[in-house]
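To start, the structure itself, in structure tokens.
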Amino acid sequence: MKVLHIGATIGLIGGGQLASMMSIAAARLGFRTVVLSPEKNCSAARTTNEHIVAAYDNHAALEHLAQLCDVITYEFENIPITTLDYLALNTTVAPPPFALAVAQNRFIEKKFLGECGIATAPWWFIEDRETLDAALIACGGKGILKSCFFGYDGKGQVHITKNSEDTIRMALETIGHVPAILEGFVDFSKEISVIAARGRLKDVVFFDVPENIHQAGILRTSIVPAAVSPEVIKTAREITATILHTLNYIGVIAVEFFVKADGSIFANEFAPRVHNSGHWTEATCIISQFEQHIRAIAGWSLGIPLRHSDCIMENIIGDDINKTPEILQQPGTFIHLYGKEEIRLGRKMGHIIHITHTQE
Ligand code: AMP
């Protein structure tokens, strides 16, 4: 892992808000950025030095990106793994492509977590009606069917609450008869995530832990700090460190957990990238998750992400963006809009961070 010089160029695959926020952080540290994404008017096009408009599997474009960049990172899971492998032939890709290969396939991810000795919800691999029938019997007749690939923000998921012919047929149809897992419901009292970074020297640094509230599978709110015991935080951080070291990871990672009322915790999934549940770091920490990620992939020292305020982060989803004039008048409220032209139902348009308490 090399150490980038000031003025070096960082490649970003994907052009959404995460790439945009990474470009802003990179610019603050004196780097240039090049974004590769197929959408011309993407969020990150506003904030990057250069934008290669091309499909993720366009080899000529990937070669051009590799030539321009000293290191390449990515903002989402659904990039073809062959794209990262191809780039890794000519340049450094961080986090390592293997981390993406694990995270982008729920079956591989659950298997990986199990092999690391990490507790998850009970799960079964589903390839057809027969395997689903057997899993439902083992699971007590209900569970969540999740497609292995392309699942995010609640997509590719169906809740099966009764073991009936119609429900099962509809569930398989909804996910398109693709390989999937069936997961047992976890009766959690809270959802939390650990946002952490691992650097060139294998050092691991943690942010404080947010409590996350989802609606229809989409993150709506993160409350910082989460009201969970120090033991829960310690265990969640130890699990995160195990994942980071096992993957020989470089960069920021987010690991999502279910916490039960008795304090037991189950890993749900991890994202090998900066994460929506870490956006609050932008307004309340000395070092944001975006800066931390750029520092890590540049081989620079990680920052100690001291937090000076408690806060609540809320996503601005769909036409909530029309409330911007009122939000601007709320005291102690930070706003970040992603510059997306089209308002769509369920689309993340920006976020706000309300400061709830500042430490003395
Ligand atoms: P996921 O895409 O796996 O992160 O799921 C999105 C959201 O659905 C989670 O944040 C939970 O709120 C809910 N969920 C997912 N899996 C389970 C589960 N096994 N038990 C209960 N709730 C779940």
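The values are calculated or read from the model by the stated rules, or taken from the named source; none is laboratory data. Predicted model, so just to flag it, every value in this text is computed and none were measured. Note that each Cβ is placed from the backbone with ideal geometry, even for glycine, and that neighbours are counted across all protein chains shown. When the accessible area is computed, the model is the full protein with side chains, heavy atoms only, and any ligands, DNA or RNA have been set aside. Shrake-Rupley method; radii C 1.70, N 1.55, O 1.52, S 1.80 Å.
Each residue in the range 140-165 was checked for being part of a loop (DSSP other than H, G, I, E, B) and either within 11 Å of the ligand (Cβ to nearest atom) or open to solvent by 60 Å² or more (accessible area, probe 1.4 Å) (or both), and 13 pass.
Within the range 255-278, the set of residues being open to solvent by 10 Å² or more (accessible area, probe 1.4 Å), over 14 Å from LEU113 (Cβ atoms) and within 13 Å of the ligand (Cβ to nearest atom) comprises LYS260, HIS275, ASN276.
Across the range 77-115, which residue is nearest to ILE265 (Cα to Cα) among those that are open to solvent by 50 Å² or more (accessible area, probe 1.4 Å) and touching a residue at least 60 places away in the same chain (Cβ under 8 Å)? The residue in question is PHE107. Considering the range 180-195, the residues that are open to solvent by 10 Å² or more (accessible area, probe 1.4 Å) and within 17 Å of ARG220 (Cα to Cα) include one that is nearest to the ligand (Cβ to nearest atom), namely GLU191. Being in contact with a helix residue (DSSP H, G or I) (Cβ under 9 Å, 6 or more places away or on another chain), β-branched (Val, Ile, Thr) and buried (at least 16 other Cβ atoms within 10 Å of the Cβ): is that true of ILE316 here? Judged against the criteria, ILE316 is a match.
Screening GLY299 on (1) away from the ligand (no atom under 16 Å from the Cβ); (2) touching a helix residue (DSSP H, G or I) at 6+ places or on another chain (Cβ under 9 Å) shows it passes everything except condition (2). Within the option set ILE327, ILE287, being part of a helix (DSSP H, G or I), away from the ligand (no atom under 16 Å from the Cβ) and modelled with pLDDT of 95 or more holds for one residue only, ILE327.
Being farther than 29 Å from ILE353 by Cα and of a type in the set (D, E, K, R) holds for only one residue in LYS155, LYS162, and it is LYS162.
Can you tell me which residue in the range 20-57 is farthest from GLY7 (Cα to Cα), limited to those that are in contact (Cβ under 8 Å) with a residue 40 or more places away in the chain and under 21 Å from the mean Cα position of the chain (by Cα)? Out of the qualifying residues, it is TYR56.
When ILE137, ILE168 are checked against the criterion of being open to solvent by less than 20 Å² (accessible area, probe 1.4 Å) and either modelled with pLDDT under 95 or outside any loop (DSSP other than H, G, I, E, B) (or both), a single residue qualifies: ILE168. There is no residue in the range 116-124 that is polar (S, T, N, Q), within 12 Å of the ligand (Cβ to nearest atom), over 29 Å from ALA261 (Cβ atoms) and buried (at least 17 other Cβ atoms within 10 Å of the Cβ). When the strands (runs of 3 or more DSSP E) confined to the range 184-251 are screened for residues that are on the phi < 0 side of the Ramachandran plot and hydroxyl-bearing (Ser, Thr, Tyr), those reaching at least 2 such residues are found at 218-224.
Residue-wise test of (1) open to solvent by less than 30 Å² (accessible area, probe 1.4 Å); (2) more than 16 Å from the ligand (Cβ to nearest atom).
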{"site": "ARG129", "(1), (2)": "no, yes"}
{"site": "HIS177", "(1), (2)": "no, yes"}
{"site": "ILE213", "(1), (2)": "no, no"}
{"site": "SER222", "(1), (2)": "yes, no"}
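Of the residues LEU337, LEU302, the single one that is closer than 30 Å to GLY7 by Cβ, open to solvent by less than 60 Å² (accessible area, probe 1.4 Å), of a type outside the set (Gly, Ala, Ser) and at pLDDT 95 or above is LEU302. Considering only residues in the range 233-246 that are open to solvent by less than 10 Å² (accessible area, probe 1.4 Å) and of a type in the set (A, V, I, L, M, F, W, C), the one that is farthest from the chain's Cα centre (by Cα) turns out to be ALA236.
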